Structure formats: structure tokens, C-alpha cells
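Colleague: The structure's right below; bear with me while I get my questions together.
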Amino acid sequence: MNRLLFKRFQSTHKALSPAQKAYLDRVIRVDQAGELGADLIYAGQYMALSHKPALKPVLKHMWDQEIHHHNTFNRLQVDHRVRPSLLTPAWKAGAFAMGLFTGMLGKEGAMACTEAVETVIGNHYNQQLRVLSNGFQDIEEIGSDTTSDSADIKSLKETIKVFRDEELEHLDTAIEHDSKNARPYWLLTETIKLTCKVAVWTAERI
Amino acid sequence: MHFRGPIGRACVRPVFKPAVAVRGFQSVYHVETPTIDESKLENQILGRAYTKFVPEHGFTRQSVDLAIADLQLRPENLGGLFGIGLQVSDVVNELIMYHLKHTRANLSKYHDEAGKLATEGAKVRFYMQKRLLDNVPIIKYYHQALGRMILPTNLGTFLTELHNLSDDITYYSGDQSNDFAWYSKRFALSGAFVQSELFMLGDTTPDYSATISFMNDRVSDIDTLGYAYNSVEEWAIFNGISLVNLIKSQLARG
């Protein structure tokens, strides 16, 4: 993408409005920070729980998917010249600590953590998809009167859809692996949900 | 609403707030607004003043007046131009901003040449050198500009533009950083650039070779610092993992 820009790539669509730009800026920043967090939560859980043969492949599979999500948003952040979250070091430390802590609570604790995180993230991605389909209908193509999504907006939507589905698969996996048996279930999941929501709110802005 | 007297004067006091866009999301599929919109009359005046009169008369009101005369415009019809559209009476600030934006936009001419360089560091040096040498035509009067840039009321705007410059240079050089390094790189580069510009004011060597080698040293310092940071981080992570494994093995022994 970097290369394309230098070769005076022919744009296909008219300019985005400042509000649309600001929104996309936020989307990429918060999703990058979120996937970084997910990556490191699984890193922490994997460190705490990889000695259990039954659990190791399950965690590894989810972790690999998160690494892919993280890399994808890293690339989008560089290509679209979005500023990463200033609090990245804090997200790294916090997410790893959260993964390690819930992993040390045992299998159920780790799965309850996954359940809480993926619930918040699933809703968060759905919210973004709603805005991306409602708030971006007025972008005109160059040389015609029709409106459409440019290739970048289209692929961003597709990416978020795929990632949302994968995050919700993780949610199902967590419930299959007895996340509801974690004790104290309510306190643990609600605390993690609240933490995630605060982190999302902050990463969008700072 | 109209106020008279001292309140009125306070209300209409112009604020220097030109359109320094904070960049945000960019996509190659969407048209970008140009750094300088040359179709605007005020930019044509500033452009004429900058290329033709600043090298002789400096960043002064006189350069703009001469440009207006040169374009055969009538100054009495332009009263609103710099006052209303841009909320600024001080046209000299606009002239300085024109210099900064013009030279920054100029960097995009060098992409083909820069593409032949191998490393990110080499590209950063290349763009920095081109940008510094773009100061040469007006270097005699550049102290005037710097003096105005650091006035407290102007500082914020000009710092934003400085950040835009270092952001452009790092992006053009192929920066791939995704975390805090994104910030440290840009801040370090802004610092190196300002230092080099100050050095350049007193540089008497032909073709400014001393400035260029000064700039190269500053950029090398940044590289060294980045390398040191990465090495320490790698060392810490390695030892952290070793420690965990040590504890695990001790626990497993019982």
C-alpha cells in the first residue's frame, strides 16, 4: 500500500468527511489496541496453562487467531497512517497480567476471562459494523454520481466481520470448556467486562 | 453581533489559526486535500511572495505587498483576504507557514530517488537532507521566521506543523512501528530537525556540508538509542521467560 501511494495511485472515490476520517482513525486505533490486548491475554494464559495437555491445543488455536488479528490491524494502522494508542505499554502490561492471573486461577478462570472479553469485543465489533454501514453511504465515486464503498472501506468491513465471528467462536469455546464453573463467576466476569469497556473508551481517545 | 470600544477590539483581535489539518485516517482510494491549495488567491499571493521576494526582502510585510503588486492586484480590495478567511491579520505568520508547508509538500518529489536507498535510516537522512537544503534560498532571513515561530501564541501551530513534517518523513521512509516507538521516533526526529536548523543558521561551509554531517550525527544518535532500547527489552523478556521456566521446573520437582 505504501508503494501504491508513491506511484500516484489513482483514487476511485471522493474525499472522506472529517467526521468519517476521525471515526475510522478511532476504529483502527482501538481495534489495534484491543487485538494487542487479546494477543497478550492468551500469551499469559498459555504461559500459565500450557502444561495441561487437554488445554494446550485449544489455547494455542485461539492465540494463533489473535496473533493474526493483531498483525492485520498493525498493518492497517501503518498503511492508513493512524496513530497507535499512546498507552500501548500499559495495554501490554495489563493484558499480559490479566491473562497470567486468570490462567493461574485455573482452567475455569481463564475461560471465564475469555468469555467476558469476547462478549465485550463481539458487541464492540457489531457496533462498529453498524456505524460503518450507516455512516458511510454518501461517499461518491469520482466521475459518476453513484455512491459506493471504496475498496479500503469494503475490506475493513469484511475484516471486522470475520474477526467478529472468530471472537464469538472463542466465546463458544470458552463456554464449552466450563467457563460458567469459575468461582467467583459473577465478580470475575463483570470486573473483566468493566475493565474492557474502560480500556476501549480510553484507547479510542488516547 | 457588534461590540464597540475596548470590548469590540478584544473581540475582533485576530487569532493565528491557519488550517493545519491533523491528518488522521488516509486511504489511497480517496482523494486527499492538498497541503497547499494553489487555487486559492491567498496562496497564490503567498507563493509569489515566497518564491520571488522573500529571498531578497525576508519574511516581511513588504514581500507580500510586492507580490500583490506583482500579481497586479489592488491591495484595497484584499482587506478581507487574510483577515476573514484565515482569521489572521499578521500576514507574516502566514508567509512563514507557507514556507513550512511548501517545503514539506516538496518532499514528495523525492520518492523515486529515496526508493533506491536500502534502509529506513538512510531514507530518513535523505529526506532530512533534502528538507534542510530547501531552506537555502531563504536561509539569510530564516532567523526572522524562527523568532516568530517560538512566540507563545504561535508555538502550538508551528509545533503541529513540525510534527506533520517528522510524521511525513518517518512515513515516507517506511516506518512500521506499532507501539510507543511510533511516538518516540517522531519526537526524536522533530528534535533532530530543529537542532539541525539552528546549526544551519550559523553554518558557513559551502553547500552546507557541516549542517548535513551534524544532521547525520543526530539521526545516528536516534538509531543508537532505538537499538539500545530494543536490546534491553529483548534481554528483559528473555530473562523473564527463563525465570518463569526456572520456577516451573523447581515446582515440578516438588
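The values are calculated or read from the model by the stated rules, or taken from the named source; none is laboratory data. Note that the structure is a prediction, hence the values are computed from the model and not measured. Neighbour counts run over all protein chains shown; Cβ positions are idealised from the backbone, glycine included.
Colleague: If you take just the helices (runs of 4 or more DSSP H) that sit entirely in the stretch A:91-206, which of them hold at least 2 residues that are in contact with a Lys or Arg (Cβ under 6 Å, 6 or more places away or on another chain) and at pLDDT 90 or above? Quick ask: steps written out before the conclusion?
Modeller: Working: elements: A:107-134, A:151-176, A:185-205.
Result: A:107-134.
Colleague: What is the number of the single condition among (1) among the acidic types (Asp, Glu); (2) part of a helix (DSSP H, G or I); (3) farther than 23 Å from B:Phe59 by Cα that B:Asp179 does not meet?
Modeller: Of (1) among the acidic types (Asp, Glu); (2) part of a helix (DSSP H, G or I); (3) farther than 23 Å from B:Phe59 by Cα, only one is false for B:Asp179: (2).
Colleague: Every residue in the stretch A:33-67 that is surrounded by fewer than 13 Cβ atoms within 10 Å (Cβ to Cβ) and within 26 Å of A:Ala203 (Cα to Cα), please.
Modeller: A:Asp64, the sole residue that qualifies.
Colleague: Looking at the structure I just gave you, is B:Ile139 over 25 Å from A:Val78 (Cα atoms), in contact (Cβ under 8 Å) with a residue 60 or more places away in the chain, assigned to a helix (DSSP H, G or I) and not acidic (Asp, Glu)? Steps first, please.
Modeller: On the way: over 25 Å from A:Val78 (Cα atoms): yes; in contact (Cβ under 8 Å) with a residue 60 or more places away in the chain: yes; assigned to a helix (DSSP H, G or I): yes; not acidic (Asp, Glu): yes.
Spelling it out, B:Ile139 is indeed over 25 Å from A:Val78 (Cα atoms), in contact (Cβ under 8 Å) with a residue 60 or more places away in the chain, assigned to a helix (DSSP H, G or I) and not acidic (Asp, Glu).
Colleague: Among the residues of the stretch B:198-254, which ones are at positive phi and in contact (Cβ under 8 Å) with a residue 40 or more places away in the chain?
Modeller: B:Tyr208
Colleague: Separate question: Here are some residues: B:Glu120, B:Glu113. Which one is over 26 Å from A:Gln32 (Cα atoms) and more than 13 Å from the chain's Cα centre (by Cα)?
Modeller: On the way: B:Glu120 fails: over 26 Å from A:Gln32 (Cα atoms).
Residue meeting the stated conditions: B:Glu113.
Colleague: Would you mention how many residues in the stretch B:166-176 are within 8 Å of chain A (Cβ to nearest Cβ) and either without any contact (Cβ under 8 Å) to a residue 40 or more places away in the chain or surrounded by fewer than 17 Cβ atoms within 10 Å (Cβ to Cβ) (or both)?
Modeller: Within the stretch B:166-176, residues that are within 8 Å of chain A (Cβ to nearest Cβ) and either without any contact (Cβ under 8 Å) to a residue 40 or more places away in the chain or surrounded by fewer than 17 Cβ atoms within 10 Å (Cβ to Cβ) (or both) number 3.
Conditions (1) modelled with pLDDT of 80 or more; (2) touching a Phe, Trp or Tyr at 6+ places or on another chain (Cβ under 8 Å), marked per residue:
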| residue | (1), (2) |
| --- | --- |
| B:Ile45 | yes, no |
| B:Arg48 | yes, no |
| B:Lys52 | yes, no |
| B:Gly58 | yes, yes |
| B:Arg61 | yes, no |
| B:Asn77 | no, no |
| B:Gly80 | no, no |
| B:Ile84 | no, no |
| B:Asn93 | yes, yes |
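Colleague: Follow-up question, since we're still on this one. Kindly indicate whether A:Gln45 is out of contact with any Asp or Glu (no Cβ under 7 Å at 6 or more places or on another chain) and at the interface with chain B (Cβ under 10 Å from one of its Cβ atoms). Break it down stepwise before answering.
Modeller: On the way: out of contact with any Asp or Glu (no Cβ under 7 Å at 6 or more places or on another chain): yes; at the interface with chain B (Cβ under 10 Å from one of its Cβ atoms): no.
The answer is no for A:Gln45.
Colleague: Within the stretch A:153-165, how many residues are crowded, with 18+ Cβ neighbours inside 10 Å and charged (D, E, K, R)?
Modeller: Pass one, the stretch A:153-165, residues crowded, with 18+ Cβ neighbours inside 10 Å: A:153, A:156, A:160, A:163-164.
Within this subset, residues satisfying the condition of being charged (D, E, K, R) are A:164.
Residues flagged as crowded, with 18+ Cβ neighbours inside 10 Å and charged (D, E, K, R) within the stretch A:153-165 amount to 1.
Colleague: Under 8 Å by Cβ, and 6 or more places apart or on different chains, what pairs join a residue from the stretch A:62-83 that is more than 9 Å from every other protein chain (Cβ to nearest Cβ) with one that is outside any helix (DSSP H, G or I)?
Modeller: Final answer for the pair search is A:Leu76/A:Val82.
Colleague: Looking at A:Met104, is it more than 16 Å from B:Phe25 (Cβ to Cβ) and away from chain B (no Cβ under 14 Å)? Reasoning before the result, please.
Modeller: Numbers: more than 16 Å from B:Phe25 (Cβ to Cβ): yes; away from chain B (no Cβ under 14 Å): no.
No; evaluated as a whole, the condition is false for this residue.
Colleague: Being over 30 Å from B:Asn93 (Cβ atoms) and in contact (Cβ under 8 Å) with a residue 40 or more places away in the chain is true for just one of B:Ala181, B:Ala192, B:Ala145. Which residue is that? Step through it out loud before you land on a result.
Modeller: Details: B:Ala192 fails: over 30 Å from B:Asn93 (Cβ atoms); B:Ala145 fails: over 30 Å from B:Asn93 (Cβ atoms).
Sole residue among the options that is over 30 Å from B:Asn93 (Cβ atoms) and in contact (Cβ under 8 Å) with a residue 40 or more places away in the chain: B:Ala181.
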